[in-house]
Amino acid sequence: MAALEKIRSKAVLLVVFIGVALLAFILTDFLNSGRAFFGDGNTVAKVGDTKIDALDFQRRYETMSQQMQSSRSQIDGAMLQSEVMNQMIQEILLNDELDALDINVSDVEITEAIIGNNVRPEVLQFVRQSGMESPAEMRDMIFNPSKYGISEADVAEARAAWLQLEENVENNMKLEKLQTLVMGAIRANDLDKKEMAAENAVTNTIQFARVNYSTLKNDDYEVSDSEIQAEYNKRKELYKLPEELRVAHIIAVDITPSTADLNQAQSFINGVYTKLVSTEGVDEVRNNAELTINENTVRLTDLRQNDVRDFVAKAAIGDVTSPKFQSNTYTMTKLIGKEMGLDSVNVSMMSIAGPKNLQDSVLNLLNAGTAYAEIQKIQGTQGQENFWQTLIGAPDSTIAKFRAAGKDYFVLNQSEQGAIYVKINELKKPKQLYDVAQISYTVYPSTKTTQDLRDSLQSFINTNNTAELFEKNAARAGYNAMSARVISSSPQINGIESSREVVRWLFEVEPGTVSPIFDKQNKDKMMVASLDYVYKEGYLPANAPEVKNELTAIVRNSKKGDALMEKFQGKASDIAGYAKAMDVTVDTTTVTFGQNYIAKIGSREADLTASVAAADSGKVMGPLKANTSLVVYEVIGQDKAKRELTDLETEQQFARTRGNQMVMQQAINILRNATDVENMMIRFY
């Protein structure tokens, strides 16, 4: 039973297995390791010709949610829904590809990977963290519970987890075969190797003078709509939009305590402090529901906060720290008592699941010195030797058993169904132990504070009830109107927890509309949104503000570059002369052909990088129009690689940057772009 409890406690491991096992070789180093229904009824998504049923999705979501809860992990429900949906879409994309390539795994291969001689690492991890000795033993117990005196109900959860693990192992093995196929299909040829070697073989040091385009006034370089359109036509593919996009502004008001709330809290906590100082223990404040009181027996080393540790080390019994306020929470520490006591002990421990006669038999074997390996061949036994066990916080009755123990095994716990026997190997000397109470009080905003915040926000949207006014007047009213871009499947807006309802609202209204206040889902914030634009699937248009601003900057910089080129072309014969003419200082940097960023100049300077690679040493080059500045340079030094890359190193680099590894890392995107995927979650959630 103890093993089953461990299995249950580790069930959250399946979150990892379910969520990322299918992508284990793609997303990391692959080569190294009650609503109305619309449209298709209960279809929540389509992947090519495959439909994802809403009930199937809901079952998967509930399973994942329960596993998260069992591990006490907290996650926004909409975020978890999004993760589950992406997971299901990815599974279909990958399985369709595997089926198309006729990639399968035999029963023999699966058995070998699960309980054979080549057990998979994920299986071993799951089994070990469940407290079992071997996959074969664990599987046998799960599928033959009566053999171990366990009921079917006891193993139901563990059996479901195991079956899911087997399914994930099979999928992973299929993916490894796909990996092998891709590895063989995409390899560096001689030209690739030569190019890879050349890209990073030479590092040029240049001295340069540059004048930034920002030194010229924007107003002197007007950009017409036709010029923007011409530039847009060159770059249109950069603005491809696979699905409808909605652009909005949002105001998110933090619901925090007011000055009046904080003053009231200060008065309250002062009263608590007075009671703690004037009375023994914490009984005088224990029944106050607004306080959180944690009492523990600790060593100094157990206290992680320096100020608390220093206080406890020097305090007399009954001393209390002054209230400390941080993140709207007051904390105080009181030393209740201190004594010398046992803190840890080295023990050997054996647990037995079975009747009294089996318990007695095992105890006799233990005291006779029989090896654990031999004893554990007996069904129902599980043990561990020579490990340190802390006794801090253990019941007095348990500590008394350890104090009274002799050299033989003693009964730590026993019933008709089982027993735990312990032998003490080494007992540490008593240490100073401290009984400490930590009292905390969190200040929450009062009902009046919350209502005042709501009234103020409502007043703002009453008088700013269009998207234009909303954005224009927010700052003047003391609000920050943040730009936001969402698609129908966005689980949150701007990363704000529990904001899915705002996303839904944005897909129900027309541009220019301002929302009501959303304050039911997210208890820490009030939110209001205004819908600015709706962009249909296809391409962001040239007049979309973000596109227009980007293209305007590109065209304007080009014009500035032309003007500076005309101004400085031929004005000097060396770098120092150009620097004087430009009224700048000479600087140096290094340039390698394969790099994406040039220090002190900028990123994505392909023309400059190519020019430097082909330049003769000592020759003044330029002026040359870069992305954000006009540059004149001269190669003043050249460092060649001390050795050429081996074929293996070149192939590995090729695989990482543009070969099979890169392909596999982008596999989901490649498959998704080649498949018609429609996410219809917004109709349901």
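The values are calculated or read from the model by the stated rules, or taken from the named source; none is laboratory data. This one's a predicted model, so the numbers in the text were calculated from it and none came from an experiment. Heads up, the Cβs are rebuilt from the backbone with ideal geometry, glycines too, and the neighbour counts pull from every protein chain shown. For the accessible areas, the whole protein counts, side chains as well, though only heavy atoms, and no ligand, DNA or RNA atoms are used. Shrake-Rupley method; radii C 1.70, N 1.55, O 1.52, S 1.80 Å.
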Kindly check whether there is at least one residue in region 558-579 that is of a type in the set (Ser, Thr, Tyr), exposed (fewer than 12 other Cβ atoms within 10 Å of the Cβ) and more than 44 Å from the chain's Cα centre (by Cα).
yes
Could you give me the residue pairs with C-beta distances under 8 Å whose first residue belongs to region 428-441 and is more than 26 Å from Phe268 (Cβ to Cβ), whose second residue is surrounded by fewer than 18 Cβ atoms within 10 Å (Cβ to Cβ) and acidic (Asp, Glu) wherever it lies, and which are 6+ apart or on separate chains?
Gln432/Glu339; Leu433/Glu339
For region 324-350, how many residues meet the condition of being open to solvent by 40 Å² or more (accessible area, probe 1.4 Å) and assigned to a strand (DSSP E or B)?
9
Name the single residue, out of those in region 382-416 being closer than 22 Å to Leu365 by Cβ and in a loop (DSSP other than H, G, I, E, B), that is modelled with the highest pLDDT.
Tyr409
Taking into account only those residues within region 259-281 that are surrounded by 14 or more Cβ atoms within 10 Å (Cβ to Cβ) and of a type in the set (D, E, K, R), which is nearest to the chain's Cα centre (by Cα)?
Asp261
Log entry, pairs with first residue in region 380-396 being closer than 15 Å to Ala419 by Cβ, second being open to solvent by 50 Å² or more (accessible area, probe 1.4 Å) and assigned to a loop (DSSP other than H, G, I, E, B), beta carbons closer than 8 Å, six or more apart or on different chains, reads Gly380/Gly149; Gln382/Glu133; Gln382/Gln376; Gly383/Gln376
When the residues of region 211-249 are narrowed to those that are modelled with pLDDT of 95 or more, touching a Phe, Trp or Tyr at 6+ places or on another chain (Cβ under 7 Å) and among the aliphatic types (A, V, I, L, M), which ends up nearest to Lys548 (Cα to Cα)?
Val247
Flagged in region 417-444 as out of contact with any strand residue (DSSP E or B) (no Cβ under 6 Å at 6 or more places or on another chain) and not in a strand (DSSP E or B), in numbering order, are Gln417, Lys429, Val443, Tyr444
For region 67-88, check the following and say yes or no: at least one residue is surrounded by 17 or more Cβ atoms within 10 Å (Cβ to Cβ), part of a helix (DSSP H, G or I) and at pLDDT below 85.
yes
Given the condition at pLDDT below 90 and not acidic (Asp, Glu), answer yes or no: does some residue in region 364-375 qualify?
yes
Against the definition (of a type in the set (Asp, Glu), closer than 30 Å to Arg187 by Cα and either open to solvent by 60 Å² or more (accessible area, probe 1.4 Å) or at pLDDT below 85 (or both)), how does Asp49 come out, yes or no?
no
How many residues of region 496-551 are among the polar types (S, T, N, Q) and crowded, with 18+ Cβ neighbours inside 10 Å? The answer is 6
What single numbered condition from (1) open to solvent by 40 Å² or more (accessible area, probe 1.4 Å); (2) part of a helix (DSSP H, G or I) fails to hold for Asn465?
(2)
